[in-house]
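Reviewing the structure listed below.
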Amino acid sequence: KMLTVLAVLLLHVPLILSKKDATLFDENDDVIVFKEDSYEKGLYSGDKAHVFLLYSSYCGHCQRFAPSYKQFAADIKKWFDIVDVTGVDCVYDTPVCRKFDVRGYPTVRFIGVTTNTSDIGTSWNPDSRSVEGLIDWTISMLYEMKNIPAGWGFLQEVTEAEAKAWRAKPGKATVKVIIVVDEVRTGRITCLDLQLSSVRYTYTTSNAALALGVKAPGLIAFSKNGKITHVPNIEQKPEVLDKEIKKILRLHQNQDSNDDGDDDDNKGKDYKVDYVDTSLQYKLFELDLQSAVNNAFYTEVRKKKKVPTATLR
């Protein structure tokens, strides 16, 4: 009889714990915890995808998984403009978990960009709940979404047809940079980190890469003046590719802005910039000029009330 009473008491212990004691996530984490009256507005806003954790704060498996979920959220923080890391505690919001047909804890679902409140998403069914595994699954889910919002072109791999068209007419390319990688994961992560519709990826053995005539990993850059640049032998790490791509985009932005004002009669003509010695045997890029002008204005011009035209020149 004593054992029976003890068992009953143990079963009811969670009911007398405070909500604060049972909380797995707080405001310092990058996880958005919905309440029953707010989850629909959050999940079905139609402007973001969601990784959604349905858990019980009293569940031992959930308690052990919580640190990994927090780390996952921190690791994909750069992607928060397109995907939120969210959750709901089934202890306090049981109706939500019933709607999502939760059969065990923790349950992780991916919900794409949608306004359909009946969509309960796709379940993550891993062999082991690792942070890397959750990241890879999220990447796959993002790239498999059917309804990709306008401006999210970076979630599409370059096709063979696009590659052929852009190689034939580089000035008509709808992208600025194509990342050519050995591993699809690296290309996708780089595109997700940048989130620029002008940057897409393909892999070295793809038909698109063959159409572009590229066999080695690197970057392919297009400019409006019809020039194609291949930058090979770049270390295949998202942070390295990110840095190199930004350099190319800055350079091409300056080149393209110079071309924007040209009419057809002037294309192909040489232009001289006043006060630049064109006889010097090195290349001078507009970025260099901008840096020099900025330096002059911030260090010299502001010290003087008047600056002679000749000095500016």
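The values are calculated or read from the model by the stated rules, or taken from the named source; none is laboratory data. Everything numeric here is computed off the predicted structure, so don't read it as measured data. Here Cβ is always computed from backbone atoms with ideal geometry, including for glycine, and neighbour counts include all displayed protein chains. With ligands, DNA and RNA removed, areas are computed over all heavy atoms of the protein, side chains included. Shrake-Rupley method; radii C 1.70, N 1.55, O 1.52, S 1.80 Å.
Taking every DSSP beta bridge that has both residues in the range 156-247, what percent is antiparallel when rounded to the nearest 5?
60 percent
Would you please give the FRET efficiency between Glu40 and Arg64, computed as 1/(1 + (r/R0)^6) with r the Cβ-Cβ distance and R0 = 35 Å, to the nearest 0.05? Let's see the in-between values first.
Working: r = 29 Å, r/R0 = 0.83.
After rounding, the FRET efficiency stands at 0.75.
When the accessible area of the range 158-232 is computed with all protein chains present and a 1.4 Å probe, what percentage of it is carbon and sulfur?
Working: 1680 of 3310 Å².
The computed percentage sits at 51.
Once a ≥ b ≥ c are taken as the square roots of the eigenvalues of the Cα gyration tensor of the range 67-112, is the result rounded (a/c under 1.5), prolate (a/b larger than b/c) or oblate (a/b not larger than b/c)?
Details: a/c = 2.53, a/b = 1.86, b/c = 1.36.
Because a/c hits 1.5 or more and a/b exceeds b/c, the range 67-112 counts as prolate.
Do any of Lys78/Lys237; Lys78/Lys99; Lys172/Lys243 go past 19 Å between their Cα atoms, and which?
Listed pairs above 19 Å: Lys78/Lys99; Lys172/Lys243.
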